[in-house]
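Here is the structure we will look at.
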Amino acid sequence: MKKISLFVIMLIFTIINLSAQKNKDVLYLKNGSIIYGKLMEVIDNQYKIKTPDGSLFIFSAVEVDKYVNETPVYDGRKKRGLGFALEAGLLIGSQSSDYKAPFSFNIIGNVTSNVRSIFGIGSGVEYLGKPFTPLFLEYKYLFSNKKTTPFIFFRGGKLFNLKGDDQNSDYVYPGYNNEKSYTGGGSFTIGTGISWSKEDSETYLSFAYRYARTSYSQYDYNHLLDTYWNDYNRLEIKYGFKF
């Protein structure tokens, strides 16, 4: 568990570093033009600036309204409205499971409000010991409206078992091979990630802590019905597309 916590902390710092955008020199011209680049020198009342494509421009002081050093403005993120997202990944943990690499696939309908706040409702297919379909609500908050930005998100909902009853073949003694009746349970997720925007769509990578509880009921050899609970603590890693 300590190794997983350290891994998550390192990922968070990596995400913050990747999302940092370097400031650029900006010349605001009196004719309304805005020139981004690297200011080479200011001499003889002239500004020499090199743009990202390597071009060198020279403007006289009378043409320049002001010079600043700032992060370029990005206006390509979706400001508001309906959308949906597709995501897939792994639920990594040490608990026993019928699946060596518990897999998760989700479809999320969402509503964007004021660029940075996103509300969603989702479902899909997940494998936690047995196959389940989740139903959850989500809130995602972007730290900025830049082209690349970190975010945090919260999810809460319920898992519903897909497979139903299952014959217990682990034991050969009479009374111990009764069917297990599986049910779902509650699920909670809290995580962070990084989002890359392209016009009104984006891709994202997320890392989260996932807790889920499932259960199954089974008659014992005395024909008494017992219920058993399974608790899952997982590291959730997913890659997604939002439109």
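The values are calculated or read from the model by the stated rules, or taken from the named source; none is laboratory data. None of the values given here were measured: they were computed from a predicted structure. FYI the Cβ positions are ideal-geometry reconstructions off the backbone, even for glycines, and counts take in every protein chain you see.
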Seminar exercise, completed: Given the conditions (1) under 13 Å from the mean Cα position of the chain (by Cα); (2) modelled with pLDDT under 95, every one holds for Asp200 apart from (1)
Seminar exercise, completed: With criteria (1) of a type in the set (A, V, I, L, M, F, W, C); (2) modelled with pLDDT of 90 or more; (3) not assigned by TED's automatic domain parsing to the domain that holds Ser206, Phe105 comes up short on (3)
Problem set entry | Lys66, sole failed condition from (1) modelled with pLDDT of 85 or more; (2) surrounded by 13 or more Cβ atoms within 10 Å (Cβ to Cβ); (3) in a strand (DSSP E or B); (4) of a type outside the set (Gly, Ala, Ser) | (2)
Problem set entry | the stretch 49-62 residues that are at positive phi, paired with ones that are surrounded by 10 or more Cβ atoms within 10 Å (Cβ to Cβ) and of a type outside the set (Asp, Glu) (beta carbon under 9 Å, 6 or more apart) | none
